[in-house]
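The values are calculated or read from the model by the stated rules, or taken from the named source; none is laboratory data. All figures in this text were calculated on a predicted structure; none of them were measured in a lab. Please note: Cβ atoms are built from the backbone with ideal geometry, for glycine as well, and neighbour counts cover all protein chains shown. For the accessible areas, the whole protein counts, side chains as well, though only heavy atoms, and no ligand, DNA or RNA atoms are used. Shrake-Rupley method; radii C 1.70, N 1.55, O 1.52, S 1.80 Å.
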Amino acid sequence: MKKILLAFSLAAAAFSLYAFDTAAPVAVKSGIREYTRTGYIITEKFGDYYRSPAAKYVHVFDVNGKEIESSELTNKDILVDKVTYEYNTAGKLVTTTCTDAEGKINWKIITTYDASGNKADESQYNASDILVNKSIWKYNGKQAEESYYDTDGALLSKTITKFDDAGREVEVCQYAAEGYLEEKRVLAYNDADKLSEVTFSGAAGVVTKRTVFRFDANYAITEEQTYDASNKLVTRIIFKYDDNGNISRTTTYSVAEKFGTTVNELIDINEYTFSNTVTVLPTARSTTTSSSRPAGAPSTTTAPAARTNTPSSSIDAK
């Protein structure tokens, strides 16, 4: 069943998404045409940590700052697949297409909008151009309702989002096809209008998880903290920036109690580089690329849930 991921990592408004880069896209500064995220596999031996490159994700932007392409490469810089984004004259995303290294279509998503510019429906097609699922949106004041259907038109899930007077998401409820609540998320914001906390709860209303974002004096995100149902800190993501204010590294730690003390165990590193020029990527896939995908990364040949691949959701670093 479709799951709509909030995220920042979640986050970043989520941190969530792409070609498939599972980290959230980054809000780039004026003049930036491309950024690359390199993910590393972390291994631990006798208390020492070692890292090795797992994969690269290259995001390309047009002169207006809109993302037009996202590519996944192996740690040997061999193209795995690519997602391209097309926009209408109003700047709205209308077509998202994933192709393999040879340029063959894996899947495509077509998005339409109503007269007010709100998303009306989103249809997802497979490599054979057959409709596999569809989302339809309805709006009522400060509330949006998304209904998600399979290829036969059967309802799979429904998501109801509520907004405040400023147009910010403040509550997201996801329901199963039978009508019962699966998950509820409540979002809170700080004085700078930045997402500061997300509280997750289940059908019984009991909190299952809480994500908190910490900021510096300039409201740049410095840390993302995740707490479990017992309100114990379980995960920390630390953000570092370069001299231009771009995110340069995220480091993730698992927090646990061991031998009577709290320990932070390194589990993930991502490094970011930015450029004002666009790199020409290879077009042929190596026969060895399948073994280079990091463990747990989603297969790019399978279309993602229809709503999770919009390049508009990004990490607003500042």
Query raised in the report: Does D77 satisfy being part of a loop (DSSP other than H, G, I, E, B) and under 23 Å from the mean Cα position of the chain (by Cα)?
Result: yes
Query raised in the report: What are the residues in segment 195-222 that are in a loop (DSSP other than H, G, I, E, B) and open to solvent by 70 Å² or more (accessible area, probe 1.4 Å), if any?
Result: A203, A204, V206, A217, N218, Y219
Report task. Would you check which residues across segment 127-149 are under 30 Å from E102 (Cα atoms) and open to solvent by 40 Å² or more (accessible area, probe 1.4 Å) and list them? Result -> A127, S128, D129, I130, L131, V132, K134
Report task. Check whether at least one residue in segment 35-54 is open to solvent by 60 Å² or more (accessible area, probe 1.4 Å), modelled with pLDDT of 90 or more and assigned to a loop (DSSP other than H, G, I, E, B), and report yes or no. Result -> no
Query raised in the report: Residues of segment 55-87 being surrounded by 16 or more Cβ atoms within 10 Å (Cβ to Cβ) and aliphatic (A, V, I, L, M), which ones?
Result: A55, V58, V60, I68, L73, I78, L79, V80, V83
Query - For F213: the one exception among (1) under 30 Å from G39 (Cα atoms); (2) without any contact (Cβ under 8 Å) to a residue 24 or more places away in the chain; (3) among the aromatic types (F, W, Y) - result: (2)
Query raised in the report: If you check V60 against the conditions, is it part of a strand (DSSP E or B), in contact with a helix residue (DSSP H, G or I) (Cβ under 8 Å, 6 or more places away or on another chain) and on the phi < 0 side of the Ramachandran plot?
Result: no
Query raised in the report: Quick check, is V132 among the hydrophobic types (A, V, I, L, M, F, W, C), more than 23 Å from the chain's Cα centre (by Cα) and modelled with pLDDT of 95 or more?
Result: no
Query raised in the report: Restricting attention to segment 248-272, which residues are open to solvent by 40 Å² or more (accessible area, probe 1.4 Å) and either in contact with a helix residue (DSSP H, G or I) (Cβ under 9 Å, 6 or more places away or on another chain) or at pLDDT 95 or above (or both)?
Result: R249, Y253, E271
Requested in this report: At least 1 residues that are among the acidic types (D, E) and touching an Asp or Glu at 6+ places or on another chain (Cβ under 8 Å) in each: list the strands (runs of 3 or more DSSP E) lying fully within segment 90-194 that qualify.
Outcome: 93-100
